[in-house]
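One structure is given below, encoded as structure tokens.
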Amino acid sequence: MNMNSQSFMTEILPMNSDKVQNNMKTAYFWLTAKAKIIAEKLQSAYGGFIFEKDNLKENVKSAFYEYDALVFVMASGIAVRMIAEYISDKSHDPAVIVIDQNGEFVISLLSGHIGGANRLAEKLAGIINAVPVITTATDRAGVIAFDEFAVKNDIAIENLKELKYISSRLVDGGEIDLVTNLDTDISDKNINISEKYRGNESVILDTGMTVENPVSHILYLRPRIIYIGTGCKKNTDPLYYEQCFMNFLSSNHISPLSVKSIATIALKENESCINSLCRKYGYELEIISQSDILKCGDIFEKSEFVEKITGVPSVAESTAYIASGYGKIICGKTKYSGITFSMAQSDRRIKK
């Protein structure tokens with residue numbers, strides 16, 4: 001299993017699921033008086049910013065990169081021409097919605113699943129009593145869309161290019177295997193749950209499992225349910241720290257994409273090696289309080305030396321455990337020169 005940082009940086013990270021569940025940063029564009037009234041009604045109920053129709057092209061360009069969602073109250077052809085040159089791919093493009101100026105139809109035009117346009121279209125349609133228009137094949141066929149499933153469950157998609165093969169098979173009425181040993185409520189008739197890869201078209205939902213020389217298409221989904229607790233000597237070299245971190249993950253067969261956060265104590269909050277790692281890989285940094293650690297009692301091995309320096313008997317194991325929501329320690333304290341790591345997994349259920 002190759003867990004080096006260079007390969008990891010090319011992978012796809014999940015969109016913040018809060019953007020789907022809560023209000024997205026939304027920009028509205030209009031051209032007629034009737035369209036502006038609709039935009040104002042949506043802004044009043046949902047929030048967002050209404051751009052004036054002057055400098056439309058320039059405003060659309062800036063909004064495309066700065067907003068979660070763009071709502072065009074105008075003809076779809078105009079909207080398409082406005083955004084065409086900025087479209088990149090479904091993992092990065094914002095949600096794009098088109099509404100006719102009579103407010104009868106709300107069309108999810110771009111980034112229906114990962115970008116959240118489908119759900120946004122339904123919300124906005126509800127506000128103005130319009131018909132939401134959803135054209136994504138999985139939605140029309142009534143089968144699971146694994147990119148939307150990933151967003152809702154804070155899951156990283158490791159190889160997004162494989163999604164189209166899995167989705168096409170389901171849309172065409174075929175079966176796939178869902179390879180996982182995690183707690184999930186998926187029970188679709190065309191999805192067979194398995195703990196092992198059996199050579200069929202598959203979705204592997206796991207924190208690190210990979211298949212060597214597969215004979216079918218495989219979509220890898222990495223749930224972000226791994227929490228790393230850590231301690232280190234002052235001024236530890238960031239590159240050395242990163243190398244030890246990657247070795248720790250690889251030794252435990254964990255994908256870097258499955259890590260949710262790095263946890264440590266307040267004394268280490270400003271260590272450059274920890275902060276550098278979090279910035280590079282998009283991890284959250286969680287600072288666990290001394291009082292919370294002391295509440296753990298004698299669960300973990302104590303170190304008199306660590307307690308003398310930090311005021312707590314355990315750093316790596318206790319911070320990982322607490323950050324995971326008091327989940328399961330899957331790797332206890334592991335020592336490198338001047339660095340310790342521990343790993344915990346949350347027991348969060350993955351829902352359809």
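Below, the figures for the structure above:
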item: Boolean, residue 148 is under 21 Å from the mean Cα position of the chain (by Cα) and modelled with pLDDT under 95; result: yes
item: Single condition residue 19 does not satisfy, out of (1) at pLDDT below 95; (2) out of contact with any Asp or Glu (no Cβ under 7 Å at 6 or more places or on another chain); result: (2)
item: Qualifying residue in the range 271-279 (condition: in contact with a helix residue (DSSP H, G or I) (Cβ under 9 Å, 6 or more places away or on another chain), part of a loop (DSSP other than H, G, I, E, B) and surrounded by fewer than 18 Cβ atoms within 10 Å (Cβ to Cβ)); result: no
item: Tally, over the range 209-243, of residues that are of a type in the set (Gly, Ala, Ser) and either buried (at least 24 other Cβ atoms within 10 Å of the Cβ) or at pLDDT below 95 (or both); result: 2
item: Residue within the range 57-72 that is closer than 19 Å to residue 137 by Cα and not acidic (Asp, Glu) present; result: no
item: Pairs where the first residue, in the range 264-281, is assigned by TED's automatic domain parsing to the domain that holds residue 244 and the second is acidic (Asp, Glu), C-beta under 6 Å, 6+ apart; result: 277/242
item: Selection status of residue 206, in contact with a Lys or Arg (Cβ under 6 Å, 6 or more places away or on another chain) and either outside the structural domain of residue 272 (by TED's automatic domain parsing) or crowded, with 19+ Cβ neighbours inside 10 Å (or both); result: no
item: Extreme residue, surrounded by the fewest Cβ atoms within 10 Å (Cβ to Cβ), among residues of the range 136-190 that are under 19 Å from residue 120 (Cα atoms) and of a type in the set (Val, Ile, Thr); result: 136
item: Complete set of residues in the range 303-322 that are buried (at least 24 other Cβ atoms within 10 Å of the Cβ), not in a helix (DSSP H, G or I) and not hydrophobic (A, V, I, L, M, F, W, C); result: 314
item: Whichever residue in the range 189-207 is assigned to a loop (DSSP other than H, G, I, E, B) and within 23 Å of the chain's Cα centre (by Cα) and, among such residues, is farthest from residue 352 (Cα to Cα); result: 207
item: From the options 147, 89, 154, residue that is out of contact with any strand residue (DSSP E or B) (no Cβ under 8 Å at 6 or more places or on another chain) and of a type outside the set (Lys, Arg); result: 89
item: Hits in the range 48-71 (condition: surrounded by 12 or more Cβ atoms within 10 Å (Cβ to Cβ) and on the phi > 0 side of the Ramachandran plot); result: 48
item: Pair list, Cβ under 6 Å, 6 or more apart: the range 294-322 residue under 21 Å from residue 261 (Cα atoms), other residue charged (D, E, K, R) and not in a loop (DSSP other than H, G, I, E, B); result: 300/317; 316/333; 317/333; 322/292
item: Qualifying position, being under 20 Å from the mean Cα position of the chain (by Cα), closer than 25 Å to residue 156 by Cβ and among the aromatic types (Phe, Trp, Tyr), among 326, 283, 321; result: 283
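For every residue, the table says whether it meets (1) modelled with pLDDT under 95; (2) of a type in the set (Ser, Thr, Tyr).
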| position | (1), (2) |
| --- | --- |
| 4 | yes, no |
| 10 | yes, yes |
| 33 | no, no |
| 42 | no, no |
| 49 | no, no |
| 53 | yes, no |
| 56 | no, no |
| 73 | no, no |
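The values are calculated or read from the model by the stated rules, or taken from the named source; none is laboratory data. Computed from a predicted structure; not experimentally measured. Glycine gets a Cβ as well: all are built from the backbone with ideal geometry, and neighbour counts include every protein chain shown.
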